[in-house]
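Student: Handing you this structure, nothing more for now.
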Amino acid sequence: MLLKSLASLLILSSGFALGQASKAGDSAPTSEPKAPVSFDLSAIDKTADPCVDFYAYACGNWKKNNPIPADQTRWGRFNELSERNNYLLYADLKAAADAPKTPLQKKYGDYFAACMNEDLANTLGVKPIDPWLKEVAALKDKKELAALVAALHNSGIGGFYRLGSTQDQKDSTKQIGDLGQGGLTLPDRDYYLNGDERSTKIREQYLAHVTKMFVLLGDSQEQAAAEAKSVMEIETALAKGSMARVDMRDPHNTYHIMTIAELEGLTPDYGWKTYLATNKLSDLKTLDVNQPDFFKTLNTVIDAESVDALKSYVRWNVVHTTAGELSKPFLDENFDFFSATMAGQKEQTPRWKRCTAGTDRALGEAVGQDWVARNFPPAAKDNMEKLVKALEAALNQDIQHLDWMSDATKAEAEKKLAAFRDKIGYPDTWRDYSKFEVKRDDRVGNTARGAYFNRRRSLDRIGKPVNEKEWGMTPPTVNANYNPSMNDINFPAGILQPPFYDFKIDPAVNFGGIGVVIGHEMTHGFDDEGSQFDAQGNVRMWWTPEDRKEFDKRTDCEVQEYNGFEVAPGQNLNGKLTLGENTADNGGLHIAYQALLSVLAKDGTPLDSKIDGYTPAQRYFIGYGQLWCENTREQTSRMRAKTDPHSSGQWRVNGVVQNFDEFGKAFSCKVGQPMIPAKSCRVW
Ligand SMILES: [Zn+2]
């Protein structure tokens, strides 16, 4: 897995609150979820004025009629689709667990069955993690810490920092070692450092949670409280040394090629040679140390803390990482803090949902082969390829017509666009899982072996040629992304369905749906981050200084604009954190609209023709708006404002349409109405 973030369409609600608990006896779905539809007339609230609050117009009735299910923290059209994909996947997994027909089905069927075995988990209690706890207990000297951390990282247990591989951002043909900050349990460093009342309260609740988990491991209350205090102290120190999320958006800030000796210079009291040797990387000469200052801080932490305190921190990482797979008391306590307190979730997620998603994460390209055969017709792939070409042509037109960009920069931008690679549906060749051993009676072991399998896949890439055909997302995933080093756009089969894409509906709705999604991913190639990479996927300034100044002026406008949008009382969006996504949303809506106009002209469709009482332009904007209908729990809105580079649904709609004058024309709005402000922003 890449450590550096890719620009994706969204983060699903499971991103943070993984490993939730389940109730006994809830292990089967009761009914098949209904398939979402594109352009939902019943979602529209005609009492709202589209020129005043377009989101309320497009989604008002949907929001009223779709309260958040008790086992969710956010409920939107994305979730409708991903829940349905998950259900269909569940049917495949259940069949494979009961009566596998192929060796691959036997493998993922066993993985799923092991996860579903609640009785076994409850019987075993803490036993599955005993070997790791013993390893931690055996630590006598700080000099042995690196060997212990290496062993745990190899089993998927986090702590302190992360190591993987990445493409060299200055030479995208090379794969290099990638070492990044880590070691925090709360979602962001701000949770440790902010002095406001809300943050202080969360820290108190977190401390109580860590204490309870140590008690569940068998420690006395007093001992557990002392251990939790050490965990908090170490994580707070690591948070202070961590780079802020916003600063990591600039690729220059996280690129520092260093020799192993230089790394040892940052953290002299840590056994890097031992750590690397345990990861079969003894011959490694250099790597990218993303945040050198963090590794200086790590040294300070190791020096300042006692062996016992460091052991408490590592032990915490063992139980926290595995809590979702242990017996009921661990599940419940983990749910109470991370899902209920932090995210506002009311009820535990049913086991079948967690096990389906977990099997997809671990064996996605095994499970996906059967899923795609059943759910993704070849015609869908052909149509999608045509749509992508139409959007590429529209973006090319858009670039050519920009009045603020010189011909020299335009030529470079066009070169980059022409070099885009499109990945649609699923990979040409499937991942080989033969080295991943799955046991039907060992859930915790399966997860650890899966983590090791993925870690080796990542670390074994170092020094090897880049495999351009590899996929990062599994086929049933409802998401899309752009990878700046690969300069590719990716659309898994999971998203190529209603409400995003329906080959039976009029083009206006499809362009407002998957068309904008395609345009969004393409625009990522030209947002604050992507625009620093060239056609070959290398960080290089291909802009003239004057053009770059003009670009910055326009992105600054968006930063200010989105800083002003509120998502919960007293909590606004962070315009810098969400800049890339907002640029992509705005660009996507412009480009897909141009592509739609070309198609309508070619088809001879009059612009004033109506379906369901709406013109093509109106259907386009409503189709777009309805992608983002959602209800979100307040706690989750607050957490996302600090961590999610995507704006909330309301602002993904209203923030974007108010920057696009074609929207005002489509709904006959007047300048000065909220959706047609006198001042608006535009980058692409
Ligand atoms: Zn995106």
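The values are calculated or read from the model by the stated rules, or taken from the named source; none is laboratory data. Given the structure is predicted, the values throughout are model-derived calculations rather than measurements. Here the Cβ is made from the backbone with ideal geometry for all residues, glycine too, and neighbour counts use every protein chain on show.
Student: What are the residues in segment 659-676 that are out of contact with any strand residue (DSSP E or B) (no Cβ under 8 Å at 6 or more places or on another chain) and either without any contact (Cβ under 8 Å) to a residue 60 or more places away in the chain or more than 17 Å from Asp585 (Cβ to Cβ) (or both), if any?
Tutor: Start the filter on segment 659-676 by keeping residues that are out of contact with any strand residue (DSSP E or B) (no Cβ under 8 Å at 6 or more places or on another chain), which leaves 659-663, 665-676.
Once the filter is applied, which keeps residues that are out of contact with any strand residue (DSSP E or B) (no Cβ under 8 Å at 6 or more places or on another chain) and either without any contact (Cβ under 8 Å) to a residue 60 or more places away in the chain or more than 17 Å from Asp585 (Cβ to Cβ) (or both), segment 659-676 yields Asp661, Lys665, Ala666, Phe667, Ser668, Cys669, Lys670, Val671, Gly672, Gln673, Pro674, Ile676.
Student: Shifting gears a bit: Consider segment 169-179. How many of its residues are surrounded by fewer than 22 Cβ atoms within 10 Å (Cβ to Cβ) and of a type in the set (Asp, Glu)?
Tutor: The qualifying residues number 1.
Student: Oh, and also: Using the structure shown, decide if Asn481 is over 25 Å from Leu627 (Cα atoms) and of a type in the set (S, T, N, Q).
Tutor: Values: over 25 Å from Leu627 (Cα atoms): no; of a type in the set (S, T, N, Q): yes.
Judged against the criteria, Asn481 is not a match.
Student: Considering only segment 383-404, I want to know if a residue exists there that is farther than 15 Å from Pro476 by Cβ, among the hydrophobic types (A, V, I, L, M, F, W, C), modelled with pLDDT under 90 and surrounded by fewer than 16 Cβ atoms within 10 Å (Cβ to Cβ).
Tutor: no
Student: Tell me, please, whether a residue that is away from the ligand (no atom under 14 Å from the Cβ), surrounded by fewer than 24 Cβ atoms within 10 Å (Cβ to Cβ) and free of Cβ contacts under 8 Å to residues at least 60 places away in the same chain can be found in segment 484-502.
Tutor: no
Student: Considering only residues that are surrounded by fewer than 20 Cβ atoms within 10 Å (Cβ to Cβ) and among the aliphatic types (A, V, I, L, M), which ones fall in segment 137-149?
Tutor: Our first condition is that a residue be surrounded by fewer than 20 Cβ atoms within 10 Å (Cβ to Cβ); within segment 137-149, this holds for 137-144, 147.
Result: Ala137, Ala138, Leu139, Ala147.
Student: Restricting attention to segment 615-642, which residues are of a type in the set (Lys, Arg) and either in contact with a helix residue (DSSP H, G or I) (Cβ under 6 Å, 6 or more places away or on another chain) or in a helix (DSSP H, G or I) (or both)?
Tutor: In the first step, residues of segment 615-642 are kept if they are of a type in the set (Lys, Arg); the result is 619, 633, 638, 640, 642.
Residues satisfying the conditions are Arg619, Arg638, Arg640, Lys642.
Student: Okay, next question. From Leu163, Leu207, Leu145, grab the single residue that is more than 24 Å from the chain's Cα centre (by Cα), closer than 30 Å to Asp460 by Cβ and not hydroxyl-bearing (Ser, Thr, Tyr).
Tutor: Working: Leu163 fails: more than 24 Å from the chain's Cα centre (by Cα); Leu207 fails: closer than 30 Å to Asp460 by Cβ.
Criteria check complete, one pass: Leu145.
Student: Would you mind finding the one in Tyr593, Tyr562 that is within 16 Å of the ligand (Cβ to nearest atom), aromatic (Phe, Trp, Tyr) and not in a loop (DSSP other than H, G, I, E, B)? Reasoning before the result, please.
Tutor: Values: Tyr593 fails: within 16 Å of the ligand (Cβ to nearest atom).
Step by step, each of Tyr593, Tyr562 is checked, and only Tyr562 is within 16 Å of the ligand (Cβ to nearest atom), aromatic (Phe, Trp, Tyr) and not in a loop (DSSP other than H, G, I, E, B).
Student: Within segment 463-477, can one find any residue that is surrounded by 19 or more Cβ atoms within 10 Å (Cβ to Cβ) and under 22 Å from Pro251 (Cβ atoms)?
Tutor: So the first thing to find is which residues in segment 463-477 are surrounded by 19 or more Cβ atoms within 10 Å (Cβ to Cβ), and the list is 471, 473-477.
From the residues that got through so far, the ones that are under 22 Å from Pro251 (Cβ atoms) too are 473.
Yes, segment 463-477 contains at least one residue that is surrounded by 19 or more Cβ atoms within 10 Å (Cβ to Cβ) and under 22 Å from Pro251 (Cβ atoms).
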